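The values are calculated or read from the model by the stated rules, or taken from the named source; none is laboratory data. This is a predicted model, so every value here is computed, not measured. Note: ideal-geometry Cβ built from the backbone for every residue, glycine included; neighbour counts use all protein chains shown. Just so you know, the surface numbers come from the protein's heavy atoms only, side chains and all, with ligands and any DNA or RNA stripped out. Shrake-Rupley method; radii C 1.70, N 1.55, O 1.52, S 1.80 Å.
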Amino acid sequence: MNKFIKRVGTTYLPVEDPRVASDWYQSKLGAVENYQDEDKAILDFAHQSIFLVKAPAGEKNSFKDAKGNEHFALTFEVDGFEQLKEFHAYLMENGVEVGEIEDRGHTGNNFVFYDLDGNKFDVWSELSSTYKELLGI
């Protein structure tokens, strides 16, 4: 086990317009903006710092896996299946592009969603045991 790295502190996401993207993350996901200039917006979200970095149109955080499928680079966790369903419905009601809730053959269920710039994210119905331990849940 690595004794030096304690957590992932910052995630960088490519966006075409940091101001517009920041507004979207704040209104749709409840992020809190700490800083903004013409090249970036810095948000507090999901116990991380999220940098929305100005990039050329079409840049995304996703990648192709070995089978040629677009794959997300980041999974958000919610607390249980009921919360997963509630979050899925909330995103749909708020005009966010979302996939179907899936059973992928492991513990819990997932779905994907996309931000305004096409960045793909995953949502999992289970809080990790390490996070539960930190919170005393």
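Quick notes on this structure:
- Considering only the chain, percent of DSSP beta bridges that pair antiparallel, nearest 5: 70
- Dipole in debye (nearest 20) - the range 40-81, about Cα centre, beta carbon charges: Lys, Arg +1; Asp, Glu -1: 280
- Across the options G58, L135, A31, the greatest Cα extent toward the positive end of the charge dipole of the chain (unit charges at beta carbon of Lys, Arg, Asp, Glu) belongs to L135.
- For the range 132-137, putting each phi into the Karplus relation 6.51 cos²θ - 1.76 cosθ + 1.60 with θ = phi - 60° gives couplings of 4, 4, 4, 8, x, 8 Hz, in residue order, rounded to whole numbers and with x for Gly and Pro.
- Heavy-atom SASA rank of V53, V32, V15 (probe 1.4 Å, accessible area, largest first): V32, V53, V15
- Per residue solvent-accessible surface (Å²) - the chain, probe of 1.4 Å: 63
- For the chain, the relative contact order works out to 22 percent when only alpha carbon pairs closer than 8 Å and six or more residues apart are counted.
- Under 13 Å from a label point set 7 Å out along the Cα-to-Cβ vector of S128, the amide N atoms of the range 76-113 belong to 76-78.
- Using Cβ point charges alone (K and R +1, D and E -1), the dipole size of the chain about the Cα centre works out to roughly 580 debye.
- The distance separating the Cα centre of the range 101-137 from that of the range 1-36 comes to 17 Å.
- Dipole of the range 1-130 [Lys/Arg +1, Asp/Glu -1 at C-beta], most positive-end residue of G9, S22, G68: G9
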